[in-house]
Amino acid sequence: MADLSHNTDQLPHEDATSESPKKIPLILKVYGFLCMADGIITVPLILILSALVMLALQTRPDLIAIGTDPTLPVILLIISVFVTFGNGIALIIFGRSLLKNRRRNAARWSYALIATTLVQIILRIMLEGIGTNLIPDAIQLVILLTLSVTVDPTLRHERHLERAARDLTDRQAARMGMLGRDLEGKGYIELNFFNLFWVFVVCSVLGLIIETIYHMAVVEPGVYQDRAGMLFGPFSPIYGFGAVLMTVALNRFYKANPVIIFVVSAVIGGLFEAAVSWFMQTGFGALAWDYSGSTIFGLFPDPVATLFGGRTSTLFMCMWGALGFVWIKFCLPWLLKLINIIPWKLRYSFTALCTVLMLVNGVMTLQALDCWFERLSGVAGTTPIEAFYAKNFDDAYMEHRFESMTITPEDSGRIDSEAMAEQPVGDAAATGSSAPAAV
């Protein structure tokens, strides 16, 4: 029995509480020490600065408020402080795990740091725009993504075995005509990256077509308007992301009561539409739709539009609900057949290539909007990136590409836009188009 116990201790298997016996390389321990030092410095510094700010505001509350309401940049800064504090705590635990050779624990905390880093990047964009200010966070994100995959060899081995098993299962499913389906029956579609990416792409195109037709038929009859939401291609990403969210939320309920599907789709779509509108206006002063003043059958004000400040409405939440129902019940089976047309040997490499192109498109779209915002704010471009976008994607191009969008810099949450309130209205506000926002 003693020998058997001894032999089992030598097995490479690692449970949730054990750690890999292989030592972490010195360079990673140095990185762990730096992370831990960063957290140790950041946490008390945040606490001290918060105390000083609270003390200062007791004598000068006007520093953060217009009337009795806190200014938007201050609200974002407060959120950023909480995120930075949490990030500092996670850095201490993550760094200590690396120093103590606790690989699995380090891998798990790297996921938390990836999440806080992404939130910090979003907040920086809304407060400061896109520029060199994002480089440190971007570098940290790349390092964390790499470590999350490589720091624990047992996890990497497990993932390799899972990929091999999944590849075998996919080949069998393809022969049975079930590729892309959830073979365990927990949901309709398998929620892997391949399926969800193509849900995003297809629905971005379909959503753009639907919105364009709706504008021509209802908003401005007979008038065509470019409703694209990205710098290149026929994509409206709000519909793509909305479809992904609804697919994930409703995957287990595709056989549920139609009323449940409709309500869940309406809530998810409406909240997501409002969140995107808030982000675009806060980060870039951009307004692409406004449902303020909407009514219910012309009898009384729309309570949803009033509650969300015109960022969504009852009508459009109902439209999201209807689209979600049609999507889950009818379109998803059709989509699976469509994406399975991609040849087996090309499906992953082709998807990877399209993912890279879509990411480049998304990054360039945000950069172009940021440079457009800066130009309309009267901020002179000084970097090669700003010169590139000023030359290739100038105001005229952006006005034509984003016809439904208006840019009002002083409505953003950017720190450098506070001075805009002191400028004349004609200089402080500019629009990307003379056409009204979609309603």
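The values are calculated or read from the model by the stated rules, or taken from the named source; none is laboratory data. This structure is a prediction, so every number in the text was calculated from the model and none was measured. Please note: Cβ atoms are built from the backbone with ideal geometry, for glycine as well, and neighbour counts cover all protein chains shown. Areas reflect the complete protein model, heavy atoms only, side chains present, ligands, DNA and RNA absent. Shrake-Rupley method; radii C 1.70, N 1.55, O 1.52, S 1.80 Å.
Some observations on this one:
- Restricting attention to region 229-254 and to residues that are in contact with a Leu (Cβ under 6 Å, 6 or more places away or on another chain) and outside any helix (DSSP H, G or I), the residue that is least open to solvent (accessible area, probe 1.4 Å) turns out to be S236.
- Residue within region 256-269 that is modelled with pLDDT of 85 or more, surrounded by fewer than 17 Cβ atoms within 10 Å (Cβ to Cβ) and assigned to a loop (DSSP other than H, G, I, E, B) present: yes
- Cβ-Cβ contacts under 9 Å between residues 6 or more apart (or on different chains), taken from a first residue in region 140-151 that is small (G, A, S) to a second residue that is open to solvent by 10 Å² or more (accessible area, probe 1.4 Å), are listed as S148/R108; S148/Y111; S148/I114; S148/L155.
- Within region 78-101, the set of residues being of a type in the set (A, V, I, L, M, F, W, C) and either open to solvent by less than 20 Å² (accessible area, probe 1.4 Å) or in contact with a strand residue (DSSP E or B) (Cβ under 7 Å, 6 or more places away or on another chain) (or both) comprises A90, L91, F94, L98.
- Hits in region 356-391 (condition: among the aliphatic types (A, V, I, L, M), within 17 Å of I238 (Cα to Cα) and in contact (Cβ under 8 Å) with a residue 12 or more places away in the chain): M358, M364, L366, L369
- Search result, residues across region 354-387 that are surrounded by fewer than 12 Cβ atoms within 10 Å (Cβ to Cβ) and more than 20 Å from the chain's Cα centre (by Cα): A380, T382, T383, P384
- Taking region 206-228 as the range and being open to solvent by 40 Å² or more (accessible area, probe 1.4 Å) and either polar (S, T, N, Q) or part of a loop (DSSP other than H, G, I, E, B) (or both) as the test, the residues that pass are E220, P221, G222, V223, Y224.
- Selection count where residues are open to solvent by less than 10 Å² (accessible area, probe 1.4 Å) and either among the aromatic types (F, W, Y) or part of a loop (DSSP other than H, G, I, E, B) (or both), scope region 111-151: 2
- Any chance R104 is crowded, with 17+ Cβ neighbours inside 10 Å, touching a residue at least 40 places away in the same chain (Cβ under 8 Å) and either touching a strand residue (DSSP E or B) at 6+ places or on another chain (Cβ under 6 Å) or within 14 Å of C35 (Cα to Cα) (or both): no
- Check on G285, of a type outside the set (K, R), touching a Pro at 6+ places or on another chain (Cβ under 6 Å) and within 21 Å of M405 (Cα to Cα): yes
- Of all residue pairs spaced 6 or more apart or on separate chains, those with beta-carbon atoms under 7 Å, a first member in region 262-288 that is in contact (Cβ under 8 Å) with a residue 12 or more places away in the chain and a second member that is surrounded by fewer than 19 Cβ atoms within 10 Å (Cβ to Cβ) and not in a helix (DSSP H, G or I) are L287/A437; A288/A437.
- Residue selected from region 312-347 under the condition modelled with pLDDT of 90 or more and not in a helix (DSSP H, G or I), by the criterion nearest to G242 (Cα to Cα): T312
- Residues of region 245-260 satisfying the condition of being of a type in the set (V, I, T), touching a helix residue (DSSP H, G or I) at 6+ places or on another chain (Cβ under 7 Å) and more than 20 Å from L336 (Cα to Cα): I260
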